[in-house]
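Novice: Structure below; questions to follow.
The values are calculated or read from the model by the stated rules, or taken from the named source; none is laboratory data. Computed from a predicted model, the values in this text were never measured in an experiment. Here the Cβ positions follow ideal geometry from the backbone for every residue, glycine too, while neighbour counts run over all protein chains shown. Protein only, heavy atoms only, side chains kept; ligands, DNA and RNA dropped before computing areas. Shrake-Rupley method; radii C 1.70, N 1.55, O 1.52, S 1.80 Å.
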Amino acid sequence: MRALAQTLVIAALVWGATRAQAQPAAGGSTDEAPTDAPTDAPTDAEVTEDPAAPDEASDEEPGAGVGDATDAGGPGEPADTDGLVGGVSADASESADASESTDASESTDASESTDASESADETDEGDDDVPSHSEADDTDTTSADDDASDSDPADDDDSESGLQFGARITGEYRHRFVLLSDFPLTPMPRDASGETSQYGANAWGEQWLRLRGELALRPILKLVGEVDLVWGVAYGDLATGMGPAAWTREEYGYPGLRLRQLYLEWLTPIGMLRVGQQAFSWGLGIISNGGNQAPVFGDYRYGDLVRRLLFATRPAGQDSPFTIAVAGDWVAWDLIADFDGRNDQAFQGLVAAFYEEGDNRAGGYVAYRNQTDADGEELQVFVGDLFANLYFDEPSGGRILTAFELAYVRGTTSITRTVEHPTQDVEQLLAAVQLGRTSTDFDLVLEGGYASGDSNAEDGWQRRGTFDPDHRVGLILFPEVMAAMSARTAALASSEELFGRPSRGAELLPTNGGVSGAYYFFPYAKWRPLEWLEGRLGAVVAWTSSDNVDVFQQRARSANVNPRGGDPTRRDLGFELDGSVLMSGELAEGVRLSGGVEGGVFFPGRAFDDAEGRSMDPIGMMRARLGISY
């Protein structure tokens, strides 16, 4: 009850803050598209036609991700190029709608591109439920100056100097109530009662409060900060035995304040310089995802965070569509490094190039990463990543979308060392493709993806690739079932009750909800019959990309079996059907309320059969969504 009361109090505080922020006199530009408003404003997340005016454009052309500006889960959205640049442009963030949409595609506009994407994520995250007529895909490409020009809530105009001072605070609160069917897991050691043989968390509430502030002297300087104050389970069932997963759901609430972004951006005559902790997004977000691109179903949850020194410029001039960027990073958190939680020391350098003309964009980067864990073990890899988002007008008034991202990882590591192979080779391939048609009222998209698999943990090669968990595919199979099974495998491999010394690299086993060692097809449609209403329908069908071998069973018991002890050569993961109805409306100028319901049913394939060949029962999920943003 205390947790529930706390939730209600937080909601009341956010409401009070939003009421105050909504007043135009407060200087908070009320014209900025709040997070998931069904506004036409381009969501910063996707592609904005006019990089200079990220938040405005209410009459954008129909485009990818259009109904979701608020939830950028739309086609091609995650293309967050800016992510490279940190993806945070102040205004970008403002456009809450964009918020979700912040698609990776955001342009890494030399001057500010990159930030646009981030910003989007910052501000709009809260309202991803909201349907929006703006092209989510298109709004992310904002540039530093753009945001400067548009979204400055309290601009003090210095007409003589041409500079403008602005200050603003935005935020979002989300609440979700979740019902989930139970499903079997390998029990934890010494569990005589069998309580850990099932997932166990069947009904719970989760919440998220995020605040973002900005001080700017436009168009040359900007200081941006973003924190998560509440993030976690508010009440209801808790899970057990989820080990080193990024979010275990084993306790209530979020342990204190989490700093997400704090950086200074300087727009110079020759390019943009940004320094500080930033979210990192790129392309469709399958390998680098700032946690600000709303998925089609569910919520983004994590976000890659780096302490970065970045310089981006347009060598052919400010009006050139070509941008190059160079960055040096100290990684705070991502899929394989956690500085605060595990004391991983990960550093990387990257060079990127990006081309943008209208809503069409394409780019690539090359990065080198050197990481050392608390035991002194190392990871040294090169990463190459290419992506493109292209739109073609068609006679009926819509647009044809084609988008892809392809990433290749190669290097060596001792983090997963074994007696026979103290140093192991790393080679992984990840890819995603989107094809579809988008319009003002209806989007139809087919997404397919591939992550390389690895059926032998003892051969000295690490081939299993995992998508960033914020590139969510569906509601149940990858985000819940595969995430829980991989987390249980990691918990068993780390158990001191089973091993005198836990298996090396066990902390890297959880997928945290990302597609891992599998290929899939994910068709989905979005229909917006009214400005404040959106319906979505999608399906997922998937197979493992190698034999479905449980790493713990293979290493500890020399048994090649799947996580349930069954035949690992069965690769059919199953079929999932998902749907949602989302609504949003403006409570006051600049304040938006969003809500809705989404759910799905997963029919497990033969890859989940147990040792006796018995199939796993269907799994259902329902999520009630409520959010407020300003």
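Novice: Among T569, T440, what's the order by accessible area (1.4 angstrom probe), most exposed first? Write down the numbers at each step before the final one.
Specialist: Values: T569 80, T440 55 Å².
Reading off the accessible areas and sorting them downward yields T569, T440.
Novice: Moving to a separate point now. Counting other Cβ atoms within 10 Å, keep those with at most 14, restrict to DSSP loop, and tell me which trypsin sites (Lys or Arg not before Pro) in the range 164-267 are left. Don't skip to the end; give the middle numbers.
Specialist: On the way: sites: R168, R174, R176, R190, R210, R212, K222, R249, R258, R260; in loops: R190, R249.
Passing both the DSSP loop test and the Cβ count: R190.
Novice: If you count only protein heavy atoms and use a 1.4 Å probe, how large is the accessible surface of M621, to the nearest 10 Å²?
Specialist: In the full protein context, M621 sits at about 20 Å².
Novice: Another question, then. When only Cα pairs under 8 Å and 6 or more residues apart are kept, what is the percent relative contact order across the range 434-577? If you can, show how the numbers build up before the last one.
Specialist: Working: 287 pairs, mean separation 39.0, N = 144.
Relative CO of the range 434-577 lands at 27 percent.
Novice: A further question on this structure: Which order do you get for H175, H421 if you rank them by accessible area with a 1.4 Å probe, largest at the top?
Specialist: Correct descending sequence by accessible area is H421, H175.
Novice: Return the carbon/sulfur percentage of the accessible area of the range 341-401, one whole number, probe 1.4 Å, all protein chains in place.
Specialist: On the way: 1660 of 2720 Å².
Using a 1.4 Å probe with all protein chains present, the range 341-401 comes out at 61 percent carbon and sulfur.
Novice: Scale the Cα Rg of the range 255-298 by the rule-of-thumb value 2.2 N^0.38 Å and send over the ratio, two decimals.
Specialist: Here the Cα radius of gyration is 1.52 times the empirical estimate.
Novice: Along the range 280-293, what does the Karplus equation 6.51 cos²θ - 1.76 cosθ + 1.60 (θ = phi - 60°) give for ³J(HN,Hα), rounded to whole Hz, x for Gly and Pro?
Specialist: Residue by residue, the range 280-293 yields 10, 10, 7, x, 7, x, 7, 10, 10, 9, x, x, 10, 10 Hz.
Novice: Arranged from highest to lowest average of other beta-carbon atoms within 10 Å per residue, in what order do the peptides 447-454, 303-310 appear?
Specialist: 303-310, 447-454
Novice: Can you give the convex hull volume per residue for the Cα atoms of the range 258-404, as a whole number of Å³?
Specialist: 131
Novice: Once the piece of chain linking V419 and A539 is laid out straight, how much longer is it, given 0.36 nm per residue of separation minus the C-alpha distance between them?
Specialist: 38.9 nm
Novice: Tell me, what % of the accessible area of the range 156-298 is carbon and sulfur with a 1.4 angstrom probe? Present the calculation step by step, with values, prior to reporting the outcome.
Specialist: Working: 3360 of 5330 Å².
That share works out to 63 percent.
Novice: I would also like to ask the following. Evaluate the relative contact order of the range 567-630 (contact order divided by residue number), counting alpha-carbon pairs under 8 angstrom at least 6 apart; express in whole percent.
Specialist: 37
Novice: Run the numbers on the range 326-417 and let me know its relative contact order in percent, using alpha-carbon pairs under 8 Å that are six or more apart. The partial results should precede the final answer.
Specialist: Values: 194 pairs, mean separation 19.2, N = 92.
Once normalised by length, the contact order is 21 percent.
Novice: So how far apart, in nm, are the two label points at D182 and E195 if each is 7 Å from Cα heading toward Cβ?
Specialist: Taking the two extended label points, one gets 1.3 nm.
Novice: Using a 1.4 Å probe, how large is the accessible area of F382, given in Å² and rounded to the nearest 10?
Specialist: 120
Novice: State whether the range 332-464 is rounded, prolate or oblate according to the following rule on the C-alpha gyration tensor (a ≥ b ≥ c being the square roots of its eigenvalues): a/c under 1.5 gives rounded; otherwise a/b larger than b/c gives prolate, and the remaining case gives oblate.
Specialist: prolate
Novice: Accessible area per residue for the range 169-322 in Å², computed with a 1.4 Å probe and the full protein assembly in place, what is it?
Specialist: In whole numbers, the range 169-322 has 35 Å² accessible per residue.
Novice: Between R557 and E589, what is 0.36 nm times their sequence separation minus the Cα-Cα distance? Round to one decimal in nm.
Specialist: Value of the extension gain: 5.3 nm.
Novice: Using +1 on the beta carbon of Lys and Arg, -1 on that of Asp and Glu, and nothing else charged, what's the dipole of the range 414-501 about the Cα centre, debye to 20?
Specialist: So the dipole magnitude of the range 414-501 works out to roughly 40 debye.
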